[in-house]
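Working notes for the structure below.
The values are calculated or read from the model by the stated rules, or taken from the named source; none is laboratory data. Predicted, not measured: the structure shown is a model, and the values here were computed from it. When we count neighbours, we look across all protein chains shown, and the Cβ atoms used for this are built from the backbone with ideal geometry, even at glycine. Areas reflect the complete protein model, heavy atoms only, side chains present, ligands, DNA and RNA absent. Shrake-Rupley method; radii C 1.70, N 1.55, O 1.52, S 1.80 Å.
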Amino acid sequence: MAKPQRFICIHGHFYQPPRENPWLETIEIQDSAAPYHDWNERICSECYATNGAARVVNTRNEITRIVNNYARMSFDFGPTLLSWLAENAPRTYRMLLDGERRSMSTFNGHSSAMAQVYNHLIMPLASRRDRLTQIRWGIADYKHRFGHAPEGMWLAETAADSDSLELMAAEGIKFTVLAPRQCKRVRALSSSRTGADATDLPGEWVATPNASVDPTHPYLVRFASGLSIALFFYDGPTSRAVAFEGLLNSGEGFVARLKQGFFDNSQPQMVHIATDGESYGHHHRHGEMALAHAFRIIEQDKNIRLVNYGSFLAQFPPQYEAEIYEDSSWSCDHGVERWRSNCGCNGGKAGWNQLWREPLRQALDNLRDSVAPLTEKLGARLFNDVWAARDAYIDVILDRTDETVNDYFAAHQHHPLSENERVQALSLMEMQRHTQLMYTSCGWFFDDISGIETVQIIAYAARVIQLSQELFLEDARALEPAFLETLALARSNVPSAGDGAKIYTNQCLQMELSLEQVAAHYAISSVFSAFADETEIFCYRIHRISYDILNSGPGRLALGRARIASGITGQSQAFSFAVLHFGDQNITAAVKVYDPADPKSGEAFEKVLAETREQVLRANFPEVIRVLDRYYDLDYSLVSLFRDEQRRILQIILNTTLGDIEASLQTIYEDHASLLHYLAQAGLPKPRALAIAAGFAVNAGLRRALEADPVDLPLVHSFLTRAEADEVDLDTPTLSYIADLRMKRAMIELTMSSGSLEALDRALSLARTLTELPFVLNLWQAQNIWYEILRSSDSLTAHSPEDRPRWTRDFHDLGCCLNIACDVITVEEPVPSAAD
């Protein structure tokens, strides 16, 4: 039987704008993503994780199959997003790697994962040096994660020009994917004439206006250098239907639409689409399920076959060549103007303009070009070739261990570097890394310069300026004024935001950190946390030299010394500190540079410690303040803490107050519950104050009951009954989030206990209670763990023969409570372990 000549490929471009604080190298809490910590965490839960374990359900919405969509689709992940996943969502990260590994088995050794230019920079607008770094960093990141070289590479916004394509080809990239409107013209690689007129000369060029290129086969782009690269132009209308027209509402409808892309001939054809990967679960709820269902339908169809780009290209090399429209992209009708001018592509807010785009790019270009010669001057004293060292710095970015850093210097240092020179060298490379990050495309994509994405890239520029001032001293003095002069021309549509210079000063510089500020954060946090002698705070390492805490009544004084070191550049400094806490939010702190090698510095600190200890014992805090004031400037307070720690400590402070409020409202509710119940039964209006007390008391009670260890199931039942009787609106987002976590913990406990009957009883009791909650739960992680246990025979065989029937019955019932069709379930693929 002949192999089918019709193939389908579905590509997802997975990417998120970077959100890390450039000084902390971590994402701080984002309230808009609640109840999740930040938007990466939320989108991971809705999309990246769910595509690794997507559900196929029956007509009763019960799960009948679990699949890893990454094993079947073509995909690329932004390297900056992958680094976040590896650190913060290891379970999802492993699913992605597992899907990629199995795709190679499915598709004849060709990976479904494509590389991506490193930080989503618009390649046609970048310098040649930056393009090379973006390509090389993207390839290195891919190799680091997947263990082999990539065949394809995704261009940010599919923004392309011939120079960028040729650079990719020179680095070993075989293909990329573009939008159909980016194709200018095509021709056959050889003439179709036969007989005496046969020739190997190419055919005639045929223009492809208005995205009319045939997307069902690859095209070759050839360069004068002799290099070439294959292009795939995706099916534009179907891709738009996935993103914007509700095509993911039905797996059947999705596949039917894909089949419409085939031509009625016997030639090998590939219908392929490309959309943001976030369409499958984030932009479209349960989109990953529609995708999984579509894959199932395709796999059961004998006339079509799933494929990825590398596999199709190997089987059916290009028979046509193409030329592209230079400086074109998939998301701007005007080429790449969206990232440098007021082209009209935006969110469409009436009366707004994007005139700010041009001066923003000009300010960044000027900054990049100004630090380049300074980089070469200093770099010549540190590296054999500073730009080769920059390209190789990706190894350090991916693995900041001492071993990797030592290997890096061994390969690229000009001479054996001193400790200070190594700090300079790493700081220089970090400065260059941030010159790349400040061009991330998201900074220009949206409506206004005051948007969080644009503020983010300006913050990267602020980090470039800070590092350049530390490295180049007087030579860097003019960088910031020149940058701000141009940035001031980038005026916001939001009057209160002002312009780019104001945003830089009022927002980005507020993020800027020095080692002293990190020391202040450590000092204040130490009053509320028990730190070890060696600890880490975000990307900083803290070595505690000494620490004393003195108490008297409600007041506390902490005095200590610590060395703070950047885990990125190695820059370090020792500080002494003092923190006074008078209860609640009344905190004041001070930090001063401390030199362990200077006896006078140590003597002065010991004198302060002795004098303040005596005054604390006398509860004479005014005198304590006077002593500290002679040695320190008391400059820091609770607002000096990094955002996440500030929230944590405020929660500690508030817990007592909130407990008192909860108790008061609980008393009010209990004293008047019968009256409230009567009003509800009689259909009479309830006094607002009483309704507020009831709502707070019931929701707080439910929350405490769900957070108890173990969960207080009788109390959960009691409050649910009260909520129904008294018509109390439940705080479903918060309660659902807590319930989901508790069910996950119960399932982890079941796994860690090797499936003990006691742990199974607890999980089943909790699951039965949660099924009674009057709102929808997302039990995705608990379901995954149930599947993992099902796949393993260990839990069953660990029990005696007489206990096995009970264990099987209860485990079956647990699955039913988790909305799993236990009688017909098939698990064809491994799912992540329950350890995370």
Residue 341 passes all but one of the listed conditions (1) farther than 22 Å from residue 433 by Cα; (2) in contact (Cβ under 8 Å) with a residue 60 or more places away in the chain; the exception is number (2)
Of the residues in segment 458-483 that are without any contact (Cβ under 8 Å) to a residue 40 or more places away in the chain and assigned to a helix (DSSP H, G or I), the one that is least open to solvent (accessible area, probe 1.4 Å) is 480
Residue 486 - would you say it is assigned to a helix (DSSP H, G or I), more than 29 Å from the chain's Cα centre (by Cα) and under 23 Å from residue 338 (Cβ atoms)? yes
Just one listed residue, out of 616, 711, 624, is without any contact (Cβ under 8 Å) to a residue 60 or more places away in the chain and aliphatic (A, V, I, L, M), and it is 711
Assess whether residue 243 counts as being part of a strand (DSSP E or B) and of a type in the set (Gly, Ala, Ser). no
Would you confirm whether any residue within segment 37-55 is farther than 30 Å from residue 268 by Cβ and at pLDDT below 90?
-> no
- Given the structure, is residue 201 at pLDDT below 95 and open to solvent by 40 Å² or more (accessible area, probe 1.4 Å)? yes
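For (1) in a helix (DSSP H, G or I); (2) of a type in the set (Asp, Glu), each residue gets a yes or a no:
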{"site": "693", "(1), (2)": "yes, no"}
{"site": "701", "(1), (2)": "yes, no"}
{"site": "706", "(1), (2)": "yes, no"}
{"site": "710", "(1), (2)": "no, no"}
{"site": "728", "(1), (2)": "no, no"}
{"site": "737", "(1), (2)": "yes, no"}
{"site": "740", "(1), (2)": "yes, yes"}
Taking the stated definitions as given, is residue 170 farther than 30 Å from residue 297 by Cβ, loosely packed, with under 14 Cβ neighbours inside 10 Å and aliphatic (A, V, I, L, M)?
no
Filter segment 127-160 for residues that are surrounded by fewer than 21 Cβ atoms within 10 Å (Cβ to Cβ) and in a loop (DSSP other than H, G, I, E, B); the one that is nearest to the chain's Cα centre (by Cα) is 147
_Criterion first (under 20 Å from the mean Cα position of the chain (by Cα) and either at pLDDT 95 or above or among the small types (Gly, Ala, Ser) (or both)) does residue 459 satisfy it?_
yes
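Quick check on this structure: which one of 440, 486, 435, 454 is open to solvent by 10 Å² or more (accessible area, probe 1.4 Å) and among the hydroxyl-bearing types (Ser, Thr, Tyr)?
Going through 440, 486, 435, 454 in turn, just one is open to solvent by 10 Å² or more (accessible area, probe 1.4 Å) and among the hydroxyl-bearing types (Ser, Thr, Tyr): 486.
Determine whether residue 185 is in contact with a Phe, Trp or Tyr (Cβ under 7 Å, 6 or more places away or on another chain) and not in a loop (DSSP other than H, G, I, E, B).
Criteria met by residue 185.
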From the option list 321, 299, 288, single residue qualifying as over 23 Å from residue 221 (Cα atoms), touching a strand residue (DSSP E or B) at 6+ places or on another chain (Cβ under 7 Å) and open to solvent by less than 40 Å² (accessible area, probe 1.4 Å) is 288
Per the filter on segment 353-381, residues surrounded by 16 or more Cβ atoms within 10 Å (Cβ to Cβ) and part of a loop (DSSP other than H, G, I, E, B) are 354, 356
When segment 1-53 is checked residue by residue, the ones that are of a type in the set (Lys, Arg) and more than 25 Å from residue 434 (Cβ to Cβ) are 3, 6, 42
The condition from (1) modelled with pLDDT of 95 or more; (2) at negative phi that residue 191 misses is numbered (1)
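Of all residues being among the polar types (S, T, N, Q) and crowded, with 23+ Cβ neighbours inside 10 Å in segment 302-318, which is nearest to the chain's Cα centre (by Cα)? Just the residue, please.
Once the filter is applied, the top-ranked residue is 308.
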Exercise for review: With the condition kept exactly as written, say whether any residue in segment 654-669 is over 38 Å from the mean Cα position of the chain (by Cα) and open to solvent by less than 30 Å² (accessible area, probe 1.4 Å).
Suggested key: yes
Just one listed residue, out of 311, 225, is of a type in the set (Gly, Ala, Ser), part of a loop (DSSP other than H, G, I, E, B) and touching a residue at least 40 places away in the same chain (Cβ under 8 Å), and it is 225
Within segment 796-830, of all residues that are buried (at least 17 other Cβ atoms within 10 Å of the Cβ) and closer than 14 Å to residue 761 by Cα, the one modelled with the lowest pLDDT is 807
The residue from 19, 55 that alone is open to solvent by 10 Å² or more (accessible area, probe 1.4 Å), closer than 30 Å to residue 819 by Cβ and basic (Lys, Arg) is 55
The helices (runs of 4 or more DSSP H) lying entirely within segment 9-109 that contain at least 2 residues which are farther than 30 Å from residue 451 by Cα and under 20 Å from the mean Cα position of the chain (by Cα) are 90-106
Filtering segment 489-532 down to residues that are part of a helix (DSSP H, G or I), under 20 Å from residue 364 (Cα atoms), open to solvent by 20 Å² or more (accessible area, probe 1.4 Å) and touching a residue at least 40 places away in the same chain (Cβ under 8 Å) yields 507, 509, 511
The correct count of residues that are among the charged types (D, E, K, R), open to solvent by 80 Å² or more (accessible area, probe 1.4 Å) and at negative phi in segment 579-627 is 8
For segment 302-330 the number of residues that are more than 30 Å from residue 224 (Cα to Cα) and modelled with pLDDT of 95 or more is 4
* To do: Go through the residues of segment 240-261 one by one and say whether even a single one is buried (at least 16 other Cβ atoms within 10 Å of the Cβ) and within 30 Å of residue 137 (Cβ to Cβ).
  => yes
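State yes or no: is residue 28 out of contact with any Lys or Arg (no Cβ under 7 Å at 6 or more places or on another chain) and open to solvent by 20 Å² or more (accessible area, probe 1.4 Å)?
Answer is no for this residue.
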Residue pairs within 7 Å by beta carbon, gap of at least six or interchain, first lying in segment 347-362 and under 14 Å from residue 495 (Cα atoms), second part of a helix (DSSP H, G or I), listed first then second, are 356/500
Taking segment 333-348 and keeping only residues that are over 14 Å from residue 155 (Cα atoms) and of a type outside the set (Gly, Ala, Ser), one is left with 333, 334, 337, 338, 339, 340, 342, 343, 345, 346
Checking 763, 767, 759 in turn, the sole residue that is aliphatic (A, V, I, L, M), free of Cβ contacts under 8 Å to residues at least 40 places away in the same chain and out of contact with any strand residue (DSSP E or B) (no Cβ under 8 Å at 6 or more places or on another chain) turns out to be 759
